[in-house]
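I have a structure here, written as structure tokens, and I will follow up with some questions on it.
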Amino acid sequence: MAGTVVLGLVVVALGAGQAGLLAGSPPTDLGVTVGRLKAPSMTDNSVSSQARLWDGHPMQRSAMIAPLPLRGTPAEAITRLRAVVEAMPGAAVVTQRDDYLYVRFTTRWMGYVDDAEFWADPASKAIQVRSASRLGASDLGANRARIERIRTALGPR
């Protein structure tokens, strides 16, 4: 009996994910504002290379991640970055400019969505990054792991 209930819950959860019910709402406030990407999430499901800029933010310390290397011009770096992320499962480029890339990552089975944005910051000569899950209090390190896979794919500094 308990096995049947668990199986039923799994089927319902997968059905909800496949129907897009676990995608969450797209953020309306992404982008670069006065040299900053959006602050980290208020829960433990995001990373930001600019977390230190958000003094007093409750997730400042846990969200910190190093920026990505900026090689070549901003446009060249963003083009190279786009090629890397487009090869990743569930990636869909939403916006690309010469200095900015916004990518939506959707998990295959459950349909959870993470929003990742990358900004070629000329002042720091780095690609600033923010990646956050739309739903939940924790992503079990998925955003951090994804950014580190991107860092590895871009190659050594």
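Which percent, nearest 5, of DSSP beta bridges in the chain are antiparallel?
Restricted to the chain, the bridges split so that about 95 percent are antiparallel.
Give me D for segment 53-139 in µm² s⁻¹, whole number, from Stokes-Einstein with Rh from the Kirkwood sum over alpha-carbon pairs, 20 °C and 1.002 mPa s.
Values: Rh = 14.0 Å.
My calculation gives 153 µm²/s for D.
Who wins for biggest fluctuation among Ser41, Ser131, Ser25 in a Gaussian network model of the chain, springs between alpha carbons below 10 Å?
Answer for the Gaussian network model of the chain: Ser25.
Please get the size of the charge dipole for the chain, origin at its Cα centre, with Cβ charges of +1 on Lys and Arg and -1 on Asp and Glu, quoted in debye to the nearest 20. Don't jump to the answer; show the numbers that get you there.
On the way: 18 positive and 13 negative charges, 68 e Å.
Charge dipole, the chain, about its Cα centre: 320 debye, nearest 20.
Separate question: Need one number: nm distance between label points at Ala75 and Lys125, each 7 Å from Cα along Cα→Cβ, rounded to one decimal.
Placing both labels 7 Å along Cα→Cβ, they lie 2.1 nm apart.
Hey, in the GNM for the chain with a 10 angstrom Cα cutoff, which one of Asp114, Asp55, Asp44 fluctuates hardest?
Looking only at Asp114, Asp55, Asp44, the largest GNM fluctuation is found for Asp55.
For the pair Ala92 and Arg52, what calculated FRET efficiency results from E = 1/(1 + (r/R0)^6), where r is the Cβ-Cβ distance and R0 = 25 Å, to the nearest 0.05?
Once rounded, the FRET efficiency stands at 0.25.
Sticking with this structure for a sec: Kindly provide the pair-distance distribution of the chain built from C-alpha pairs, with 5 Å bins from 0 and whole-percent values in order of increasing distance.
Bin by bin from 0 Å, the calculated values are 2, 9, 18, 21, 19, 13, 8, 4, 3, 2, 1, 0, 0.
Here's another thing I want to ask about it. Mind pulling the angle between the C-alpha long axis of helix 74-86 and the longest principal axis of the chain? Nearest 10 degrees, somewhere in 0 to 90.
With rounding to tens, the tilt is 20 degrees.
Name the long-range amide H neighbours of Val94: under 5 Å, sequence gap of 5 or more, or other chain; modelled H, no Pro or chain starts.
Under 5 Å from the amide H of Val94 lie the amide H atoms of Tyr102, Val103, Arg104, each far enough along the sequence or on another chain.
Net charge near Phe105: determine it from the other residues with C-beta under 10 Å of the C-beta of Phe105, scoring Lys and Arg +1 and Asp and Glu -1.
Overall, the nearby charge balance is 0.
Same structure, new question: Work from the charge dipole of the chain (Cβ charges, +1 for Lys and Arg, -1 for Asp and Glu, about the Cα centre) and give the residue of Pro69, Ser46, Ser25 farthest towards its positive end.
Positive-end residue among those listed: Pro69.
Quick note: the coordinates plus some simple rules give every number you see, no bench work behind them. It should be emphasised that the depicted structure is a prediction, and the values quoted were computed from it without experimental measurement. So basically every Cβ, Gly included, is an ideal-geometry build from the backbone, and we count neighbours across all protein chains shown.
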